[in-house]
1. Those residues that are modelled with pLDDT of 75 or more and either in contact with a helix residue (DSSP H, G or I) (Cβ under 7 Å, 6 or more places away or on another chain) or at positive phi (or both), I need them from the stretch 290-329; list them, please.
2. Among the listed residues Thr143, Thr160, which satisfies the condition of being surrounded by 15 or more Cβ atoms within 10 Å (Cβ to Cβ), among the hydroxyl-bearing types (Ser, Thr, Tyr) and in contact with a helix residue (DSSP H, G or I) (Cβ under 9 Å, 6 or more places away or on another chain)?
3. Within the set of pairs 6 or more residues apart or between chains, which connect a residue that is closer than 17 Å to Trp126 by Cα inside the stretch 1-30 to a residue that is hydrophobic (A, V, I, L, M, F, W, C) and at pLDDT 65 or above with Cβ atoms less than 6 Å apart?
4. Being within 30 Å of Leu237 (Cβ to Cβ), open to solvent by 60 Å² or more (accessible area, probe 1.4 Å) and in a helix (DSSP H, G or I) narrows it down to one of Val91, Val195, so name that one.
5. Please determine whether any residue of the stretch 272-282 is modelled with pLDDT of 70 or more and surrounded by fewer than 16 Cβ atoms within 10 Å (Cβ to Cβ).
6. Looking only at the stretch 209-235, which residues are in a helix (DSSP H, G or I), open to solvent by 40 Å² or more (accessible area, probe 1.4 Å) and of a type in the set (Val, Ile, Thr)?
7. Would you mind finding the one in Ile59, Ile82 that is more than 22 Å from Asp212 (Cα to Cα), free of Cβ contacts under 8 Å to residues at least 12 places away in the same chain and assigned to a helix (DSSP H, G or I)?
Amino acid sequence: AAVQAAVGIFLSIVLIAYPSTNNNSIYDEEEGVLPRSSDSSTYITDFAEGRINIWELNIMLYVIAVVSVVLFVVMICTLRVIRQVNILGAVRYMWALYWIIPIHIFLVISLFDYHRVTNVWVRHWWTSPTMDWIRTLFCEDDTANAECMVPIMGGEDFDTEDEWCLFNFNSTNCTDIRGDAEMDSKTLFYFFYTVNGIWGALLVLLLIMTLDVLQGIITPPIVKASKGANIPLWLTLPMSGCFVIGCIFLFAPSSSLAAANEQVRWTGIAYLIAAGTFTISALLGWFLAAFPVTNIQDKRSKKVAVHLFIFMMLLTIAAIGKYTQFCTL
């Protein structure tokens, strides 16, 4: 958990703090270095102007870092509980793990770039301030903010990249310089994401093993009673998560899902449907836990509620499956 929190800090330094130290005046004053365009953006300017770039995996690493900090604090606070064999504290720790593990699994799966969105991100954000450190690392000497910043297809003022390169540097090797640097940076990013994904998967396995041992210490009857009382509250986690993700996919300014393609809108709609089914399942779970069985009529009502609960969970799986099917097209 501490390592994943450190990864988030590292990314903040490389992608946010480092670009902010290189302002426009530095670029304008250095000889042989191009000034930045006025529409260059960073994470900070994107956030300030309401644009959130959801199409790259670094967002997942930031969220994992936040979750890891929470997990680290919870584990530190639980040390005293374990030493004193505090059953109430152990139950609270168990439910903290029940909340954290699904989030972590979702984020770890997201780190494996099945659709190569990193290629698109590196390609189209290459000249942005966010990539300052990456260009410095992989571009040839003294080209990170010069030849290596050749815009795609020459940008707005030129027809080709060679024309841009001839006009600014009297050469035609800018495309090769940028291409080689992009290839090396993509290799680094994929290695970085994969290592973090494997590390996160190992952490998830450790948490599952810890949860299993913890349930043995608490004893099965107490665990069963706690689950019956708290499952509805636990379902608010996937419910709120699906709702937030669905709204981002449908309404975020940086998302083209709302306008580009009607079929693509089903991605966000599937998440909202899943949020609705999770809500109904939580209400049914609350009904099952809150009302005791005192007569045959109550037993029938509980039986109907159980069948509805199972149906809602199957509908939820179908909604998520629809989204997964869309992603594989």
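The values are calculated or read from the model by the stated rules, or taken from the named source; none is laboratory data. Worth saying up front: this structure is predicted, and the values here are computed from it rather than measured. Glycine also receives a Cβ, built like all others from the backbone with ideal geometry; neighbour counts cover every protein chain displayed. Ligands, DNA and RNA are excluded from the accessible area calculation, which covers all protein heavy atoms including side chains. Shrake-Rupley method; radii C 1.70, N 1.55, O 1.52, S 1.80 Å.
1. Once the filter is applied, which keeps residues that are modelled with pLDDT of 75 or more and either in contact with a helix residue (DSSP H, G or I) (Cβ under 7 Å, 6 or more places away or on another chain) or at positive phi (or both), the stretch 290-329 yields only Leu308.
2. Details: Thr160 fails: surrounded by 15 or more Cβ atoms within 10 Å (Cβ to Cβ).
Answer to the selection: Thr143.
3. Leu11/Leu61; Val14/Trp133; Tyr18/Trp133
4. Working: Val91 fails: open to solvent by 60 Å² or more (accessible area, probe 1.4 Å).
Just one listed residue meets the conditions, Val195.
5. To start, the set of residues in the stretch 272-282 that are modelled with pLDDT of 70 or more comprises 272-282.
Those left that are additionally surrounded by fewer than 16 Cβ atoms within 10 Å (Cβ to Cβ): none.
The answer is no, given that none of the residues of the stretch 272-282 is modelled with pLDDT of 70 or more and surrounded by fewer than 16 Cβ atoms within 10 Å (Cβ to Cβ).
6. Correct list: Thr210, Val213, Ile217, Ile222, Ile231.
7. Details: Ile82 fails: more than 22 Å from Asp212 (Cα to Cα).
Ile59 is the lone residue from the list that is more than 22 Å from Asp212 (Cα to Cα), free of Cβ contacts under 8 Å to residues at least 12 places away in the same chain and assigned to a helix (DSSP H, G or I).
Quick grid of which residues meet (1) under 21 Å from Asp176 (Cβ atoms); (2) surrounded by 14 or more Cβ atoms within 10 Å (Cβ to Cβ):
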site	(1), (2)
Val73	no, no
Thr78	no, yes
Arg116	no, no
Cys139	yes, yes
Cys148	yes, yes
